[in-house]
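Each remark here refers to the structure printed beneath this line.
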Amino acid sequence: MSLTSAATLATLDRTGPRRITDLAAVEGVTQPAMTALVRVLEESGLVERRGDASDKRVTLVCPTEAGASYVRTRRQAGIHAFERLIGELTGDEVEALVAALPALKHLAELESQDREGPKR
């Protein structure tokens, strides 16, 4: 799976159903490229398209249970990889990481807000 596909699935898992145009803006790709990517994800059973109850003209892209499971599995694999690597650090290095956690959390929040863009 491409990085953009994985990022798109993670965005949908984190933020909920989105319009293709919103996903394209968040992921930094063109609308036609996102349409093609969503088609591939849909054919793979990882996302589905649904109507928007508030606006019948709009179609939203939603993760399927298989898509959400894929995201959870990837996140868990990343957690395990970091746990293993952190286990190889010295005590001083672990303390430095712990001290940096508030700043890292703030960076993640800023990045998330930037990627999500305006809410609908």
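Throughout, read-outs are computed from the coordinates displayed, never taken from laboratory work. This structure is a prediction, so every number in the text was calculated from the model and none was measured. All Cβ positions, even for glycine, are placed from backbone atoms using ideal geometry, and neighbour counts span all protein chains on display.
A few points about this structure:
- Sparsely packed GluC sites (Glu not before Pro) within the stretch 1-101, loop by DSSP, other Cβ within 10 Å at most 12: E88
- In this structure, the amide hydrogen of V47, modeled 1.01 Å from its nitrogen in the peptide plane, lies closer than 5 angstrom to those of E42, T64, counting only residues at least 5 positions away or on a different chain.
- Equivalent-ellipsoid semi-axes of the chain, from the Cα gyration tensor, Å, largest first: 33, 17, 12
- Of the residues L37, F82, A99, the one whose Cα sits farthest toward the positive end of the charge dipole of the stretch 24-120, with +1 on the Cβ of Lys and Arg and -1 on the Cβ of Asp and Glu, is L37.
- Cα gyration tensor shape of the stretch 51-120, rounded if a/c is under 1.5, else prolate or oblate by comparing a/b with b/c: oblate
- Cα-based helix-to-principal-axis angle, 65-86 vs the chain, degrees rounded to 10: 20 degrees
- Computed from Cα positions, the angle between helix 31-43 and the longest principal axis of the chain comes to roughly 90 degrees.
- Taking Cα atoms only, the orientation of helix 3-15 departs from the longest principal axis of the chain by about 90 degrees.
- Mean ellipticity per residue at 222 nm, deg cm²/dmol - from DSSP H runs of n ≥ 4 across the chain, formula -39500 (n - 2.57): -23000 deg cm²/dmol
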